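Accompanying notes for the structure given below.
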Amino acid sequence: MQLDDLTRNSSEWLRGAGPESDIVISSRIRLARNLADFPFIARASDQDRVQIEQTLKDCLLAITEPDELLYIDVDELPGIDRQFLVERQLISREHAESQGARAVAIDRLEKFSVMINEEDHLRIQVMQSGFDLNSAWEQIDRIDDQVEGRVTYAFHERLGYLTACPTNVGTGMRVSVMLHLPALVITRQIEKVFRSLQKIGLAVRGLYGEGSQAMGDFYQISNQVTLGMSEQELIKQVADVVPQIINYERKARDFLVRDSHESLHDRVSRAYGILRNAQTISSEETMHLLSSVRMGINLGLIEDLEIPTINQLFIQTQPAHLQKISGAELDTADRNIERARYLRRHLNKDKMGGAEKN
C-alpha cells in the first residue's frame, strides 16, 4: 500500500455508517505513551528521536501482518502530503509541522494510525464510523497491549502513564466523538450546549482538534483530564453525554422542519444549487454548503444523493486532497476553480433535472 492509494479510499471517519451516523460522524480514542528509556520529546536529542522512531517502527512492523500497515517517514514527505494526512485525520497539524525524525503508521482500512515522535513518543488512535466508542476501545486496547509486550512504557505506580502534557497523565487517553450539528447552529443553541459541556469537564473543538475552527458544523467533544479516572470511566463520561447532544440536534431539526420548513428548504436548495453550478468556490464555502446539503439528505429534502457521497466530498475538496487528485500543485485561485469543477462533476453525474422533494 502506498500513500497515493489513500486518495481512492474512504476514510473510516467519513464512511457514513455505524450507530447514529446521521449526526455522529465518528468515535475516536487516542492513547499517549512514552518509552521509559528515552527523555520526552521536548528534551530528546536528534539521535534520541532517531532511536525512538526505529525502536517503535520495528515494534509496529512486528505486530502487524505484512502489507497491512503503511509506514511513512513524515520528515521526508513534501508539504502537500503532510497536509493530506492532516486532512484525513491520520496525523495532527503539530506532527505535520514539526521537525526531525518522526513517522506515522496507518492500517489499510484507516481505522487506526500511530504517530511516532509527536508531542509524545507514541500516539495511538483508533477511529470508528458512527457512535461506537466500545469497539474503538477494544481495538486500541489490543494494539496498546501488543506494543507494551515489546517495549517498556514510562509508567508511575501512583500516577499511571507519564506524558509530556500533564493533562494526559494517568491513562493517557483522550476519548472524542465528532458530531454534525447544523440545526443547533441555525437555531443558535450551540453555545448553550457548549457551556453545559464545559461545566462537566468536556472540551469542544473544531474539525481538526485543538485550536481549529468548526468547519462544516463539525464539532469534537472530548475529555479534558485523564488523571484519577479509569479508561472505562472516561469512556462513560463522554458516552453518557453524546446521546443528549444527539437528542438536542434532532429536536432542533424537527423544529426547523415544523416551524421553518420553507426557510429550511430554501437553505438546502440554494446550497445544493450553488455546489452543482459554481465556477469557483473556496474550501470554507464548500464545507458550509455541504453541511446544509448533508442535513437536507437526512431530513428527506434531497432524494438523489447519499450521505457517503457528501461525506467523501467534505474531504476530497480539501486543498491537499484536491491537488493530489488533480496531480498538480495549485495556487488558491486555481484550487477554487478545480474544486468547483470537481463538485460539478460529482454532483451532476447522472442527474436529469431537479430531484428534490417539495
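Descriptive notes on the structure:
- Tally of residues being of a type in the set (D, E) and surrounded by 15 or more Cβ atoms within 10 Å (Cβ to Cβ) across the range 41-84: 4
- Some residue of the range 46-60 being assigned to a loop (DSSP other than H, G, I, E, B) and either not assigned by TED's automatic domain parsing to the domain that holds F218 or not basic (K, R) (or both): no
- Test: residue in the range 341-355 that is modelled with pLDDT of 95 or more, farther than 20 Å from R15 by Cβ and buried (at least 21 other Cβ atoms within 10 Å of the Cβ): yes
- Only listed residue being closer than 22 Å to N168 by Cα and of a type in the set (A, V, I, L, M), chosen from L61, L56, L85, L3: L56
- Scanning the range 1-45 for residues that are in a strand (DSSP E or B) and either among the aliphatic types (A, V, I, L, M) or under 14 Å from the mean Cα position of the chain (by Cα) (or both) yields a count of 10.
- A single member of L313, L322 is assigned to a helix (DSSP H, G or I), closer than 16 Å to D217 by Cα and either within 17 Å of the chain's Cα centre (by Cα) or not small (G, A, S) (or both), and it is L313.
- Scoring F155 on the criteria (1) among the aromatic types (F, W, Y); (2) over 20 Å from the mean Cα position of the chain (by Cα); (3) crowded, with 17+ Cβ neighbours inside 10 Å leaves a single failure, condition (3).
- Residue match in the range 165-179 (condition: touching a Phe, Trp or Tyr at 6+ places or on another chain (Cβ under 6 Å), farther than 25 Å from E119 by Cα and crowded, with 18+ Cβ neighbours inside 10 Å): yes
- Check on V177, assigned by TED's automatic domain parsing to the domain that holds S10 and more than 28 Å from L60 (Cβ to Cβ): no
- Among the conditions (1) closer than 30 Å to I337 by Cα; (2) surrounded by fewer than 19 Cβ atoms within 10 Å (Cβ to Cβ), S291 misses just one, which is (2).
- Among residues of the range 292-310, those that are in a helix (DSSP H, G or I) and either over 16 Å from R276 (Cβ atoms) or touching a Phe, Trp or Tyr at 6+ places or on another chain (Cβ under 6 Å) (or both), counted: 5
- Scanning the range 6-39 for residues that are surrounded by fewer than 17 Cβ atoms within 10 Å (Cβ to Cβ) and either within 28 Å of Q128 (Cβ to Cβ) or touching a residue at least 24 places away in the same chain (Cβ under 8 Å) (or both) gives T7, R8, N9, A17, P19, A36, D37.
- Residue match in the range 294-314 (condition: small (G, A, S), touching a residue at least 24 places away in the same chain (Cβ under 8 Å) and buried (at least 22 other Cβ atoms within 10 Å of the Cβ)): yes
Residue-wise test of (1) in contact (Cβ under 8 Å) with a residue 24 or more places away in the chain; (2) surrounded by 15 or more Cβ atoms within 10 Å (Cβ to Cβ); (3) farther than 30 Å from N134 by Cβ; (4) touching a strand residue (DSSP E or B) at 6+ places or on another chain (Cβ under 7 Å).
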| residue | (1), (2), (3), (4) |
| --- | --- |
| V241 | yes, yes, no, yes |
| Q244 | no, no, no, no |
| A252 | yes, yes, no, no |
| L256 | yes, yes, yes, no |
| H261 | no, no, yes, no |
| S269 | yes, yes, yes, yes |
| I281 | yes, yes, yes, no |
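- Test: residue in the range 199-207 that is surrounded by 16 or more Cβ atoms within 10 Å (Cβ to Cβ), basic (K, R) and modelled with pLDDT under 95: yes
The values are calculated or read from the model by the stated rules, or taken from the named source; none is laboratory data. Keep in mind that what you see is a predicted model, and the values were worked out from it rather than measured. Cβ coordinates were reconstructed from backbone atoms using ideal geometry, including for glycine residues, and neighbour counts include every protein chain displayed.
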